[in-house]
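The values are calculated or read from the model by the stated rules, or taken from the named source; none is laboratory data. Not measured: the values here are computed from a predicted model. Here the Cβ is made from the backbone with ideal geometry for all residues, glycine too, and neighbour counts use every protein chain on show.
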Amino acid sequence: MADVTDATFQTQVIERSATVPVVVDLWADWCQPCKILGPVIEKVVDDTKGAVELAKVDIEANPQVAQAFQAQSIPAVHAIVEGKVVDSFLGAQPESVVRAFVDKLVQSPEQKQVAALVARGDEASLRAALEVIPDDPDAVMSLANLLLDSGAEEASTEVLSLLERIPETAETRHLASLARAGGRPQGGDAAVEAELAELLTTVKADDDARARFVDLLEVLGDEGARAEWRRKLSASLF
């Protein structure tokens, strides 16, 4: 446990969180719930035996940190990993809730191994990571991007198979659309828009053309252009 100040926050929390998750406990001496939560969170973090560290910040004495977290109510607890807030809770919570909060930050040996392999970023390392944890989102997304960048003919099929392992997000939908469209477009948005213009004449009667049109919309990088082509699609269909 460390008492962190405005002056030491960058080093003891932001920089330190690149190595180990840091739990920041925002408190004040006048706050009775803070005094209830404090010993609980200290015990739970201590039980991780160094896998997670605790930084306590008195917001009355350290207004810069309080402002950075936009602290309007305390106790406020934030989990920091690699300089970013990844989880938070407010108020004095029971030990079971605090323990669940902290346990999510503790990486298993397998997760640490995968994180190291993903950090290397080469194809062999990413495939090795997926041998350890087949549905690790970072490994899946990193390998999918790498395969799309390769331009290999078989890449699209493998990318779609990989993405099925993890929950759908806006990013996975974008990569899936790229894969179905045959990879990253040569010629950028101009080439994509030229094909959209050709497809527009057949989308109403041709299901395959309509499906490709929708995929190409996701490939477009310009949101304004994407919205305009969506409007044109609607006009053609209805």
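Across region 65-92, which residue is modelled with the lowest pLDDT among those that are in a loop (DSSP other than H, G, I, E, B) and out of contact with any strand residue (DSSP E or B) (no Cβ under 8 Å at 6 or more places or on another chain)? So, considering only residues that are in a loop (DSSP other than H, G, I, E, B) and out of contact with any strand residue (DSSP E or B) (no Cβ under 8 Å at 6 or more places or on another chain), the one modelled with the lowest pLDDT is GLN72. Does region 20-34 include one or more residues that are surrounded by 15 or more Cβ atoms within 10 Å (Cβ to Cβ), over 27 Å from the mean Cα position of the chain (by Cα) and either within 30 Å of ALA119 (Cβ to Cβ) or of a type in the set (Phe, Trp, Tyr) (or both)? Checked against the condition, which is being surrounded by 15 or more Cβ atoms within 10 Å (Cβ to Cβ), over 27 Å from the mean Cα position of the chain (by Cα) and either within 30 Å of ALA119 (Cβ to Cβ) or of a type in the set (Phe, Trp, Tyr) (or both), region 20-34 yields at least one hit. Evaluate the following for PRO21: is it closer than 29 Å to ASP138 by Cβ and modelled with pLDDT of 90 or more? When the stated conditions are applied, PRO21 passes them. When region 16-30 is limited to residues that are in contact (Cβ under 8 Å) with a residue 60 or more places away in the chain, of a type outside the set (Ser, Thr, Tyr) and not in a loop (DSSP other than H, G, I, E, B), the one that is farthest from VAL77 (Cα to Cα) turns out to be ALA18. Looking only at residues of region 198-226 that are touching a helix residue (DSSP H, G or I) at 6+ places or on another chain (Cβ under 9 Å) and of a type in the set (Gly, Ala, Ser), we find that the one that is nearest to HIS174 (Cα to Cα) is GLY221.
Taken over region 113-122, the criterion of being surrounded by 13 or more Cβ atoms within 10 Å (Cβ to Cβ) and either hydrophobic (A, V, I, L, M, F, W, C) or at pLDDT below 90 (or both) is satisfied by VAL114, ALA115, LEU117, VAL118. Listed by position, the helices (runs of 4 or more DSSP H) contained in region 132-237 that have at least 1 residues being under 28 Å from the mean Cα position of the chain (by Cα), of a type in the set (Val, Ile, Thr) and assigned by TED's automatic domain parsing to the domain that holds ALA115 are 137-150, 155-163, 170-180.
Pick out the one residue from GLU223, GLU158, GLU193 that is at pLDDT 80 or above and on the phi < 0 side of the Ramachandran plot. Spell out how you get there, then give the answer.
On the way: GLU223 fails: at pLDDT 80 or above; GLU193 fails: at pLDDT 80 or above.
Criteria check complete, one pass: GLU158.
So in region 91-105, with the set limited to residues that are surrounded by fewer than 15 Cβ atoms within 10 Å (Cβ to Cβ) and touching a Ser or Thr at 6+ places or on another chain (Cβ under 9 Å), which one is farthest from ALA51 (Cα to Cα)? So, considering only residues that are surrounded by fewer than 15 Cβ atoms within 10 Å (Cβ to Cβ) and touching a Ser or Thr at 6+ places or on another chain (Cβ under 9 Å), the one farthest from ALA51 (Cα to Cα) is GLY91. Looking only at region 115-126, decide whether some residue is closer than 25 Å to VAL20 by Cβ and in a loop (DSSP other than H, G, I, E, B). So far as region 115-126 goes, yes, one or more of its residues are closer than 25 Å to VAL20 by Cβ and in a loop (DSSP other than H, G, I, E, B).
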